[in-house]
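Peer 1: One structure, as structure tokens, below. Some questions next.
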2 protein chains.
Amino acid sequence: MMRFWEGHPELSGELLQVRDTILLRAASDDPCVRQAVTQLFASSGKMLRPAFVLLASRFGMPDRDRMIRIAAAVEMLHMATLVHDDIIDAAPVRRGVASLQALRGPRTAVLVGDWLFASCFALIADLAGDQNGRALSHLVARICGSEISQSADKYILHTSVRRYLRRIAGKTAALFALAFHAGAVESGCPGALVSLLRRLGYSLGMGFQIIDDILDFTCDGAETGKPAGSDLSQGIFTLPVVLALKSDDGQLAAALSRGRTNRRAALRATRIVAAGSGIAGARAAAEAYTDRAIRAIDQLPPLPARQTLREVSCQLLSRTY
Amino acid sequence: MMRFWEGHPELSGELLQVRDTILLRAASDDPCVRQAVTQLFASSGKMLRPAFVLLASRFGMPDRDRMIRIAAAVEMLHMATLVHDDIIDAAPVRRGVASLQALRGPRTAVLVGDWLFASCFALIADLAGDQNGRALSHLVARICGSEISQSADKYILHTSVRRYLRRIAGKTAALFALAFHAGAVESGCPGALVSLLRRLGYSLGMGFQIIDDILDFTCDGAETGKPAGSDLSQGIFTLPVVLALKSDDGQLAAALSRGRTNRRAALRATRIVAAGSGIAGARAAAEAYTDRAIRAIDQLPPLPARQTLREVSCQLLSRTY
């Protein structure tokens, strides 16, 4: 987490407080939850979503403690979806370390995910205005819907770009948008500014997820923390695959079909995608979304947080992990 | 469901509408959710919780359509906990038919449970007053906490009566109380009546769960839909076990300890509990809670719903399934 936010000491200080808020909540609960949550933080990601809550709130008049707890709720929702995703995908690894479901079994992972969901709702119910509570409830429904359609789409070769975009909109961009929305609303930003920040979050989220899906092919796994082509070998066909299939001479489709049961075929499909034009096409799409986000950022009031957002957007586009 | 509500045609008509509301929501979603939810209703229980929402609302001025949707939300929350519980317990059977996790695997069960949680929150966010939304969020947190402590307590011989009561309070009585609370608040009952109905629900829930735990020992499984002693063989020691251990000469403790890995020892422990005084002690406790509920019912305004509640309370105490 600290590595990504190196240049922003104030923000990383607040993010540590977000983490402590979650750990404190977990500590007051069962030892099983406490251990699991501590373990999850050992492989903590960039904490982007809570950072966006905090950054968006700087365009209003934030109550700092309140914002930190709302940021914690958003991060807990994200953690809950990761924990349950790893069960659904039977993922052995998350961010370079063993996933909770691999380490403690799917049963504990179900419980801990439910605990995170529930704690998120309890925090929000106590803290947030009506509007955010409602937005959060609908968001959770939407994220689950996207997970379900991702599951249903598995191994389907003719997934369209549109269907892919709809899926990542529900899975990633909606939560990014909510993080910005919550930060803006809860710090009393006027309506037009709330809406600008929310749209910014959406575009940033789309760009972020496409880059994530590219990195799954172009990285060796040491940096991303999961083996290359891991989505593909799970039957999840992301934008690089969908685009590569458009100019396929039949070899990729064949490798993907056989890849369901044959590891070598899956590896071959991964190599075809990594070497093909799908990567460049996907990168262009990520750049378009990031560009849209930056144009929105340029419309924000000239505060230091605007510069931070600009830097973060570029960092997310050029990142290698 | 219809069997239990045979004598109450109006209520069973409304409960069918509750079921249709849930099925309709599921139908608009992914085929995987639709199938799973339809399957869950094939082995539908008594639909007690939505019935309590509807019954409590009759002491106010209910908007019927609104109440049916709130009842649906409460039932979806209950269904979500059952689906995830079956993963946690690796339960092969639920209400006499194969459980969702056994039928479709734990991954689908995680997804469908999450979908049910999320849909419940989305319904409540749209419909219910602030107060119920908040109560619901805290309740979900509490139910998860109870599940976690049940999981943590597994195979612990020296569970106290107090710890058992706290566990079922969080797991069952809190949701019964919420069903009454939601029905009362949303139909505009005055504060004192809301509180009376909520306390009534709590006592009824405690009595209900203790009877459930007794039936696990005294029924052959054809009626309850699960094999006798199934909690015990999962390492969940309920009131009959806790009480039986108090007058144990060492045989039960030994059988329970060996029962963890030895099926015959678990069967022997089940027989010792079923034949011992723990059953009678547990029944006395269930009667005390039901009695408390009936005393609260007697304080309700003299409406037809009061008589229905009185009959249902007695039915729940004397039921064999």
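Peer 1: Among A:Val74, A:Val53, A:Pro31, whose Cα projects farthest towards the positive end of the dipole of the range A:1-94, with charges put on the beta-carbon of Lys, Arg (+1) and Asp, Glu (-1)?
Peer 2: A:Val53
Peer 1: For all pairs of alpha-carbon atoms in the protein assembly as shown, what percent lies in each bin of width 10 Å, listed from the first bin to the last filled one?
Peer 2: Binned Cα distances yield the sequence 3, 15, 24, 24, 17, 11, 5, 0.
Peer 1: Ok, one more. Taking only Cα atoms and a 10 Å spring cutoff, compute GNM fluctuations for chain B and point out the largest among B:Glu311, B:Glu14, B:Glu287.
Peer 2: B:Glu311
Peer 1: Also, I was wondering about something else. Using a cut-off of 10 Å between beta-carbons, work out the net charge of the residues near A:Ala102 (Lys and Arg +1, Asp and Glu -1, A:Ala102 not included). Spell out each step's value before the answer.
Peer 2: Numbers: positive: A:Arg94, A:Arg104; negative: A:Asp86.
Result for the local shell: +1.
Peer 1: Inside 10 Å of the C-beta atoms of B:71-84, what's the mean count of C-beta atoms belonging to other chains? Before the final figure, lay out the partial values.
Peer 2: Values: counts 0, 0, 0, 0, 0, 0, 0, 0, 0, 1, 1, 0, 1, 6.
Averaged over the peptide's residues, the number is 1.
Peer 1: Assume the label is 7 Å from Cα along Cα to beta carbon: what separations in nm does A:Gln315 have to the matching positions in the other copies?
Peer 2: 6.2
Peer 1: Below 8 Å between Cα atoms, with a sequence gap of 6+, how large is the relative contact order for chain B in percent?
Peer 2: Numbers: 454 pairs, mean separation 56.3, N = 321.
Result for chain B is 18 percent.
Peer 1: In addition: For peptide B:112-123, how many partner chain Cβ atoms fall within 10 Å of a residue's Cβ, on average?
Peer 2: Details: counts 2, 5, 15, 6, 1, 8, 10, 5, 3, 10, 9, 2.
Counting Cβ atoms of other protein chains within 10 Å of each residue's Cβ and averaging gives 6.
Peer 1: For the range A:234-321, run through the trypsin sites (Lys or Arg not before Pro) and keep only the ones in DSSP coil with at most 13 other Cβ atoms within 10 Å of their Cβ. Working shown, then result.
Peer 2: Details: sites: A:Lys246, A:Arg258, A:Arg260, A:Arg263, A:Arg264, A:Arg268, A:Arg271, A:Arg283, A:Arg292, A:Arg295, A:Arg306, A:Arg310, A:Arg319; in loops: A:Arg260, A:Arg319.
Listed in order of number, the matching sites are A:Arg260.
Peer 1: Sticking with this one: Within a 10 angstrom radius of the beta carbon, how do A:Ile87, B:Ile156 rank from fewest other beta carbons to most?
Peer 2: Numbers: A:Ile87 25, B:Ile156 10.
Least crowded to most crowded, the residues run B:Ile156, A:Ile87.
Peer 1: List the distances, in nm to one decimal, from the label point of B:Pro190 to the label points of the same position in every other copy, shortest first, placing each label point 7 Å from Cα along the Cα-to-Cβ direction.
Peer 2: So the distances to the same position in the other copies read 4.7 nm.
Peer 1: While we're here: Taking the dipole about the Cα centre of the range A:9-318, with the C-beta of Lys and Arg at +1 and of Asp and Glu at -1, give me whichever of A:Ile124, A:Leu243, A:Ser318 is farthest to the positive side.
Peer 2: Checking the options against the dipole of the range A:9-318, the answer is A:Leu243.
Peer 1: Which whole-Hz ³J(HN,Hα) couplings does the range A:246-251 yield from phi under the Karplus relation 6.51 cos²θ - 1.76 cosθ + 1.60, θ = phi - 60°, glycine and proline marked x?
Peer 2: Using θ = phi - 60°, the values come out as 5, 10, 7, 8, x, 5 Hz.
Peer 1: Hey, another quick one. Tell me, rounded to the nearest percent, the portion of alpha carbon pairs in the range A:146-208 spaced more than 19 Å apart.
Peer 2: On the way: 797 of 1953 pairs.
The calculated P(r) of the range A:146-208 puts 41 percent of pairs beyond 19 Å.
Peer 1: Please report, in Å, the Rg and the Dmax of the range B:220-321, where both are computed over Cα atoms only.
Peer 2: 17.4, 55
Peer 1: Also: When you look at the Cβ of every residue in B:260-272, what mean number of other chain Cβ atoms sits within 10 Å?
Peer 2: Working: counts 0, 0, 0, 0, 0, 0, 0, 0, 0, 0, 0, 0, 0.
Other-chain Cβ atoms within 10 Å of each residue's Cβ, averaged: 0.
Peer 1: If you project the alpha carbons of the range A:1-101 onto the principal axes, what extent comes out on each, in Å, largest first?
Peer 2: Cα extents, longest axis first: 42, 29, 20 Å.
Peer 1: On each of the three principal axes of the Cα atoms of the range A:9-318, give max minus min coordinate, whole Å, ordered largest first.
Peer 2: 57, 47, 33
Peer 1: Here's something else I'd like to know. Which pairs break 28 Å Cα to Cα here: A:Lys154/B:Lys171; A:Lys46/A:Lys171; A:Lys46/A:Lys246; A:Lys171/A:Lys246? Before the final figure, lay out the partial values.
Peer 2: Numbers: A:Lys154/B:Lys171 35 Å; A:Lys46/A:Lys171 17 Å; A:Lys46/A:Lys246 34 Å; A:Lys171/A:Lys246 24 Å.
Beyond 28 Å between Cα atoms: A:Lys154/B:Lys171; A:Lys46/A:Lys246.
Peer 1: Evaluate the distance, in nm, between pseudo-label points positioned 7 Å from the Cα of A:Ser43 and of A:Asp249 along their respective Cα→Cβ axes.
Peer 2: About 3.9 nm separates the two model spin labels.
Peer 1: I've got another one for you. Where nothing but the Cβ of Lys and Arg (+1) and of Asp and Glu (-1) is charged, how large is the charge dipole of the range B:9-318 around its Cα centre, in debye to the nearest 20?
Peer 2: Details: 36 positive and 29 negative charges, 142 e Å.
My answer is approximately 680 debye.
No lab work stands behind these numbers, since they all come straight from the coordinates. Keep in mind that this is a model prediction, so the values were computed, not measured. Counting neighbours? That spans all protein chains shown, and the Cβs are built from the backbone with ideal geometry, glycine included.
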